[in-house]
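Asks: Once you've had a glance at the structure underneath, I'll fire off some questions.
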C-alpha cells in the first residue's frame, strides 16, 4: 500500500461495483430489466479488470481483494435482490431464505476461490463461478420481459433455479473459465467462423441469445461433469475386473 495502487485495473473493478450497486437500486425501484442489464455490464467490467491486470502485469493482493468485494456486490447481492423483488417475494420466508442462500453460497464460493487460486484453482473453476450464476438470473429476467410486461407473480421454476445455482456455486464440479482460451496461439479457421455466427445470433435477438448462451454454459458444465464421473467409474470397474 505504501508503494501505491494501480489505477486502471482497480478503476475497472470499481466500475463493476458501481453497476452492481445500480442494479440493486433499479431492482428496488421495480426496474428489473435495467437492473439485469446493469449486472451484465458489471460482468463485462469483471472480465476486463482481470484481463487488463494480467496484460499489464499489475496483479496485486489489493486488487484481488477489491475484486472479490466487487463480485459479492455485483454478482451476489444484486442478483439476489433482483430475483427476490422480481418473483420470490410472494413466497414469504422461503423466498427471502432462497435469496439469502444465493448470497451466502456466492460468498463461500469467492472465499474458497481466493484460497485455492494459488494451489488447485488454475484455469478451470471449482464450482459454478458467481458471475456465471448471476448471468443466468440476469439474462432470464431480460429474456422473460421480451415476451411479457409484468413479472411472474410466484414462479416456482425461478425459486428452484435459484436454489440449484446456489448449490452449484459451492459444489466441487469443474466449470471452464475464460483463462483457458489462449489468444496468443493460432486457432483453426472454423473458430473464427463460429465467432461470426455467435455475433450474428446476438445481433438478431440479444435477449434470446444471451439467455441461451448462459444456459448452455450451465448445462454444458453439468453434463461434462456427469460424463467425467461415469468415465472414471467405468475405468475403475474395468481395472477391478482385471
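Asks: Based on this model, can you work out whether residue 82 counts as at pLDDT below 95, in contact with a helix residue (DSSP H, G or I) (Cβ under 8 Å, 6 or more places away or on another chain) and under 21 Å from residue 166 (Cα atoms)?
Replies: Details: at pLDDT below 95: no; in contact with a helix residue (DSSP H, G or I) (Cβ under 8 Å, 6 or more places away or on another chain): yes; under 21 Å from residue 166 (Cα atoms): yes.
So residue 82 fails the test.
Asks: Also: Would you point out which residue out of 68, 80 is surrounded by 15 or more Cβ atoms within 10 Å (Cβ to Cβ), within 15 Å of the chain's Cα centre (by Cα) and over 25 Å from residue 144 (Cα atoms)? Before the answer, list the steps.
Replies: Details: 80 fails: over 25 Å from residue 144 (Cα atoms).
Checking each option against the conditions leaves just 68.
Asks: Scan the stretch 181-196 and tell me whether some residue there is part of a helix (DSSP H, G or I), at pLDDT 80 or above, surrounded by 10 or more Cβ atoms within 10 Å (Cβ to Cβ) and touching a helix residue (DSSP H, G or I) at 6+ places or on another chain (Cβ under 9 Å).
Replies: Checked the stretch 181-196: no residue is part of a helix (DSSP H, G or I), at pLDDT 80 or above, surrounded by 10 or more Cβ atoms within 10 Å (Cβ to Cβ) and touching a helix residue (DSSP H, G or I) at 6+ places or on another chain (Cβ under 9 Å).
Asks: Among the residues that make up the stretch 138-149, is at least one of them modelled with pLDDT under 90, within 26 Å of residue 24 (Cβ to Cβ) and surrounded by 20 or more Cβ atoms within 10 Å (Cβ to Cβ)?
Replies: no
Asks: Within the stretch 60-130, which helices (runs of 4 or more DSSP H) (wholly inside it) include 2 or more residues that are touching a residue at least 12 places away in the same chain (Cβ under 8 Å) and over 26 Å from residue 12 (Cβ atoms)? Before the answer, list the steps.
Replies: On the way: elements: 61-71, 78-83, 93-116.
Because the criterion is at least 2 residues that are touching a residue at least 12 places away in the same chain (Cβ under 8 Å) and over 26 Å from residue 12 (Cβ atoms), the helices (runs of 4 or more DSSP H) in the stretch 60-130 that meet it are 93-116.
Asks: Further question: Tell me, yes or no, whether the stretch 11-27 has at least one residue that is in contact with a helix residue (DSSP H, G or I) (Cβ under 8 Å, 6 or more places away or on another chain), in contact (Cβ under 8 Å) with a residue 12 or more places away in the chain and not in a helix (DSSP H, G or I).
Replies: No, every residue in the stretch 11-27 fails to be in contact with a helix residue (DSSP H, G or I) (Cβ under 8 Å, 6 or more places away or on another chain), in contact (Cβ under 8 Å) with a residue 12 or more places away in the chain and not in a helix (DSSP H, G or I).
The values are calculated or read from the model by the stated rules, or taken from the named source; none is laboratory data. As the structure is a computational prediction, the values presented were derived from the model and not from experiment. Backbone-built Cβ (ideal geometry, glycine too); neighbour counts: all protein chains shown.
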